[in-house]
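Enquirer: Dropping the structure in here first, questions after.
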Amino acid sequence: MREPFIKFENVSYSYEGDEEGILLPPVLKNVSFEIEKGSFVAVLGHNGSGKSTLAKLINMILYPTEGRIYIDGRDITDENMTEDDVYDIRRRIGMVFQNPDNQLVATVVEEDVAFGPENLGVEPSEIRRRVDEALETVGMSEFKRHSPHQLSGGQKQRIAIAGIIAMLPECIVFDESTAMLDPRGRAEVMDTIERLNRENGITVLHITHNMDEAVRADRVIVINDGRICIDGTPKEVFSSVEQLRLVGLDVPQVTELLYDLENCGFDVDHTELDEEKCADALAKLILGR
Amino acid sequence: MNALELRNIEYTYSKNTPFENTALKGVTVAFEQGRVNGLIGHTGSGKSTLVQMMNGLLKPDAGEVILAGKNIWDEPKKIRDARFRCGLVFQYPEYQLFEETCEKDIAFGPKNMGLDADEINRRVFSAADFVGLDRDILQKSPFELSGGQKRRVALAGVMAMEPEVLVLDEPAAGLDPIGRTEIFGGIRRYQRTKGNTVIIVSHSMEDVAEYCDTLTVLKNGEVLRSGSCAEVFAYEKELTESGLGVPQITRFMRLLRERGVKVAEDIYTVDAAFDELRRILDGKRGGADA
Amino acid sequence: MLKDITLGQFFPGNSVLHRADPRMKIILAIIYIVFVFLAKNSAAYLLAVGFTVLLVLLSRIKLSVVLKGLKPLLFIMVFTAFFNIFWTKGETVPLFSYGIITIYREGLWFAAVMIIRVACILAGSSVILTYTTSPISLTDGIERLLKPLKVIHVPVHEFAMMMTIALRFIPTLIEETDKIMNAQKARGADFNSGGLVKRAKALLPVLIPLFASSFRRAGELATAMECRCYRGDNGRTRMTKLRYSGIDIVLLILFAAFGTGIILMNIHLGFFLNFGMVL
């Protein structure tokens with residue numbers, strides 16, 4: 001088996017309370033998992049389940065209260081990590097946040113995309129090349145001289161993604177990056193994420209509470225109350241209808257329908273996620289051919 | 001009887017400047033008393049502008065806004081009354097909370113109405129009940145609450161004005177399924193108890209299908225379709241082209257029809273689909289037994 | 001609506017002034033302002049007006065746009081001109097006298113000079129700087145021009161970064177203020193009636209959420225910047241390297257010529273061409 005890119009070993013995290021030294025109840029409890037290089041993993045959970053904390057731990061914005069985290073074999077919870085090491089991890093694992101407005105720094109799109117590589121001290125000509133390429137990848141080249149506030153939410157989020165790609169990361173964590181977008185913006189961003197994973201081989205960790213988006217991943221991890229409760233392919237995860245309902249998550253409407261029909265004793269398969277195939281099977285059952 | 005009617009509304013932003021932008025081009029729509037109406041359209045369709053017409057925050061360039069039979073702009077000085085009678089909850093309303101306690105924040109609207117203390121109290125508690133906020137939460141600062149709770153406090157703040165028409169712009173935006181159910185539950189309780197009219201602006205087809213009686217679709221500042229959910233969802237192709245689509249279950253029913261299964265055309269919730277398919281499958285099973 | 005206020009006043013284009021280096025433009029603007037102030041006589045003023053018109057032509061921005069930009073200050077110009085006309089005491093015979101109103105030639109002269117000076121400086125510095133330089137390259141120019149000050153521990157980079165972020169967030173915050181005001185109006189808030197105290201109080205429901213959200217934004221932005229490896233000026237490079245080009249040199253020569261012209265007019269031609277005094 002290949003060496004995992006991200007590895008959590010019994011990680012727990014508690015935020016500090018108002019009084020110094022007093023820890024609040026843990027938001028992550030003894031979490032262990034591994035994420036392979038090049039995979040597209042969705043982390044599903046409702047608000048307060050601990051899924052955003054997980055993202056911040058990977059990027060070293062937070063440090064675990066207990067446990068170890070390895071990135072590409074390197075223990076990032078090690079005390080010998082220097083400041084340079086920390087920034088190296090942050091370069092290799094980019095983060096895209098929820099609010100598109102609160103992560104763009106510059107007043108011109110291309111200047112913003114250049115921000116990351118500039119911080120890394122990349123050569124000016126190389127920055128130029130990376131910026132053009134990143135904007136091309138997210139399909140925003142024609143907007144490079146625009147001001148961010150003239151753009152739609154989906155477009156701003158794509159600029160934020162371009163700003164990360166320009167740092168040439170190996171992995172990008174999307175921390176509910178689609179939550180504030182309208183359906184069109186959501187589709188734009190999801191398509192971009194999928195392309196980055198499939199074509200550029202970037203490892204993607206997509207944190208969301210939207211099951212339609214999770215269906216597009218290779219693997220879905222469901223977090224509830226600080227613990228991983230389901231982990232598997234989208235097909236496996238969404239067939240656990242009862243369990244998902246229990247933790248307050250939705251399942252796709254067709255899955256729900258087929259699950260209910262199956263429970264009434266009809267011979268249908270609720271684990272199929274493709275609408276067309278479901279329709280074929282159901283039509284066959286009803287029409288008997 | 002229509003609780004709210006908009007007739008031939010036209011509106012242009014930044015008129016006579018290079019940034020001129022026509023948001024509404026003669027929109028006519030009526031919202032029936034006591035029903036839950038959906039208003040859908042993607043960003044830029046003019047729905048947010050239309051919503052601000054309803055309570056007089058924006059004044060139409062042309063057209064009339066008729067609230068309970070009376071044009072709200074007949075007496076421009078009394079436009080504040082329209083705001084109390086047609087309560088508007090903006091997108092992400094939790095960002096408008098400002099008081100020390102939730103109770104005080106919810107009381108802000110009723111206080112502006114000039115009600116007496118007892119009445120304000122009654123309304124605050126009844127609004128808190130609608131959205132399911134516990135009494136001890138009311139004494140907390142809104143800044144201490146979780147996102148979903150804040151949203152419910154903000155919603156209660158408008159409900160406490162007990163408006164005849166309650167308008168909500170994307171009430172569930174950014175919430176997880178639990179938060180969404182809580183918000184819509186609160187809206188439904190308000191509507192059923194008070195018998196008042198509700199208008200929900202949304203781009204979630206699944207949500208409007210589940211909670212609305214009628215639908216109005218806006219596109220480029222004009223009404224594209226208007227009618228019951230079944231009537232509107234019948235135009236699946238048109239809706240998809242407008243970037244809206246139909247609920248997954250409606251699409252699935254169409255796929256079944258295309259494969260020769262005779263399912264009814266007016267199905268847009270999972271429950272309805274389940275009942276329909278069960279009826280068909282039971283019939284078939286019964287037929288096979290006989 | 002608040003949103004309609006245009007900010008920065010930058011008009012994108014590709015004129016000579018647009019292409020000039022922002023650092024050079026800051027220097028040129030200073031040269032320009034200094035020499036307009038140094039102008040002493042009508043010939044020098046004539047030259048200043050002529051040069052300003054030349055700058056407007058060079059910027060390829062419509063004269064009407066530039067004049068419109070002067071409009072907000074029209075009142076102040078007329079007001080000061082008015083005082084100059086009626087309150088300046090001349091040594092010669094009054095031009096006009098009626099009751100307590102006496103107008104001297106010097107009054108008219110000072111009024112005219114006032115208006116020309118203010119109009120020239122406003123129009124000129126706008127076309128040199130704000131109209132033709134994007135806010136970001138302006139900030140950039142300031143940062144690089146002041147770089148030597150870093151030696152004496154002036155936080156030049158931090159200051160420039162603050163400026164950039166402020167420029168980036170002004171439209172966002174204006175939009176947000178608009179939204180919050182509307183949301184509070186929808187709950188019956190009244191911002192337009194009552195005395196000063198009442199009005200100030202009525203703004204609390206807007207200011208508190210606005211502050212809260214600004215803090216939240218600041219926090220999120222800081223995290224996002226850290227994730228993009230921002231660590232101050234340390235080892236930071238820039239995508240665009242500022243380089244002086246031929247245009248900058250030509251412009252510098254042009255401005256030097258202008259300055260020399262003004263001085264010459266002041267010293268020599270003043271005696272012969274002093275229209276104002278002849279009038």
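Enquirer: So what are the three principal axis dimensions of the stretch A:220-289 from its Cα atoms, in whole Å, longest to shortest?
Expert: If we take the Cα atoms of the stretch A:220-289, the spans are 47, 21, 15 Å.
Enquirer: Enter the angle in degrees (range 0 to 90, nearest 10) between the Cα long axis of helix B:248-258 and the first principal axis of the Cα atoms of chain B, meaning the one along which they spread out most.
Expert: On a 0 to 90 degree scale, this one is about 20.
Enquirer: Next question. Taking the Cα centre of chain B as origin and charging only Cβ (+1 Lys, Arg; -1 Asp, Glu), how large is the dipole, in debye to the nearest 20?
Expert: 280
Enquirer: Using the charge dipole of chain C (Lys, Arg: +1 at Cβ; Asp, Glu: -1 at Cβ; taken about the Cα centre), state which of C:ALA112, C:ILE170, C:ILE31 has its Cα farthest towards the positive end.
Expert: It is C:ILE170.
Enquirer: When the chain is fully extended, how far beyond the present Cα-Cα distance does A:GLU79 get from A:GLU66, taking 0.36 nm per residue of separation?
Expert: This chain segment gains 3.4 nm when fully extended.
Enquirer: How large is the charge dipole for the stretch A:6-234, taken about the Cα centre, if only the Cβ atoms of Lys, Arg (+1) and Asp, Glu (-1) carry charge, to the nearest 20 debye?
Expert: Around 660 debye, computed over the stretch A:6-234.
Enquirer: Over all directions, the average projected area of the alpha-carbon convex hull for the stretch A:26-100 comes to how many nm²?
Expert: If I average the Cα hull's projected area over directions, I get 5.9 nm².
Enquirer: Using a 7 Å offset from the Cα along the Cα-to-Cβ direction at both A:ASP267 and A:GLU36, what is the distance between the two label points in nm, to one decimal?
Expert: 3.5
Enquirer: Continuing with this model, one more query. Please report, in whole Å, how far the alpha carbons of the stretch A:159-289 spread along each principal axis, starting with the longest.
Expert: 56, 35, 26
Enquirer: Rg(Cα) of the stretch A:111-220 divided by 2.2 N^0.38 Å?
Expert: 1.05
Enquirer: Label point 7 Å out from C:TRP87 along Cα-to-Cβ: which residues of the stretch C:105-125 have amide N under 15 Å?
Expert: Of the residues in the stretch C:105-125, C:107-108, C:110-111, C:114 have backbone N under 15 Å from the label point off C:TRP87.
Enquirer: How compact is the protein assembly as shown by the rule of thumb for globular proteins, expressed as Cα Rg over 2.2 N^0.38 Å?
Expert: 1.13
Enquirer: Here's a follow-up. Past the 27 angstrom mark, what percentage of all C-alpha to C-alpha distances in chain C do you count?
Expert: In whole percent, the share of Cα-Cα pairs in chain C beyond 27 Å is 59.
Enquirer: Something else about it: At R0 = 22 Å, how high is the FRET efficiency between C:ARG231 and A:TYR15 if r is their beta carbon distance? Nearest 0.05 is fine.
Expert: Step by step, r from the Cβ atoms, then E = 0.30.
Enquirer: Placing +1 on the Cβ of each Lys and Arg and -1 on the Cβ of each Asp and Glu in chain A, which of A:GLY17, A:ALA160, A:LEU244 has its Cα farthest towards the positive end of the resulting dipole?
Expert: My answer, from the dipole projection, is A:ALA160.
Enquirer: For the stretch C:113-132 and the stretch C:195-213, what is the centre-to-centre distance using only Cα atoms, to the nearest Å?
Expert: Cα centres, the stretch C:113-132 to the stretch C:195-213: 37 Å.
Enquirer: While we're here: For a paramagnetic label modelled at 7 Å from the Cα of A:GLU199 toward its Cβ, which residues of the stretch A:128-147 fall within the zone defined by backbone nitrogen distances under 13 Å?
Expert: Residues A:133-141 fall inside that zone.
Enquirer: To two decimal places, what compactness ratio does the stretch B:2-230 give when its Cα radius of gyration is scaled by 2.2 N^0.38 Å?
Expert: 1.00
Enquirer: Compute the helix-to-body angle for B:177-194: its Cα long axis versus the longest principal axis of chain B, expressed 0 to 90° and rounded to tens.
Expert: Compared with the principal axis, the helix lies near 70 degrees.
Enquirer: Report, please, the projected area of the stretch B:240-290 averaged over directions, based on the convex hull of its C-alpha atoms, in nm².
Expert: 3.9
Enquirer: Rounded to whole Å and sorted largest first, what semi-axes of the equivalent ellipsoid does the C-alpha gyration tensor of the stretch C:1-103 yield via the square root of 5 times each eigenvalue?
Expert: 35, 20, 12
Enquirer: Still on this structure: Residues in the stretch A:228-242, backbone N under 13 Å from the label point at A:ASP218 (7 Å along the Cα-to-beta-carbon vector): list them, ranges by number please.
Expert: Residues passing the 13 Å test: A:233-234.
Enquirer: Taking the Cα centre of the stretch B:147-267 as origin and charging only Cβ (+1 Lys, Arg; -1 Asp, Glu), how large is the dipole, in debye to the nearest 20?
Expert: Using only the charged Cβ atoms, the result is roughly 320 debye.
Enquirer: Which one, C:ASN182, C:LEU204, C:ILE152, is farthest towards the positive end of the dipole of the stretch C:137-207 when Lys and Arg carry +1 and Asp and Glu -1 on their Cβ?
Expert: Selected residue: C:LEU204.
Enquirer: Right, here's the next one. Would you pull out the residues with amide H under 5 Å of B:ILE199's amide H, same chain only if 5 or more places away, H placed 1.01 Å from N?
Expert: Sorted by chain and number, the residues that satisfy this are B:ASN37, B:LEU166, B:VAL167, B:LEU168.
Enquirer: Per 10 Å bin, what percent of the C-alpha pairs of the stretch B:212-265 does each bin hold, from zero upward?
Expert: 23, 52, 21, 3
Enquirer: Cα-Cα pairs above 20 Å in the stretch A:53-175: how many percent?
Expert: 45
Enquirer: One quarter of the convex hull surface, Cα atoms only: what value does that give for chain A in nm²?
Expert: Mean shadow area of the hull around the Cα atoms is 18.3 nm².
A short reminder: the numbers here are calculations on the coordinates, not readings from a lab. Here the structure is a predicted model, which is why all the values come from computation and not from measurement. Reconstructed Cβ throughout: ideal geometry from the backbone, glycine too, with neighbour counts over all protein chains shown.
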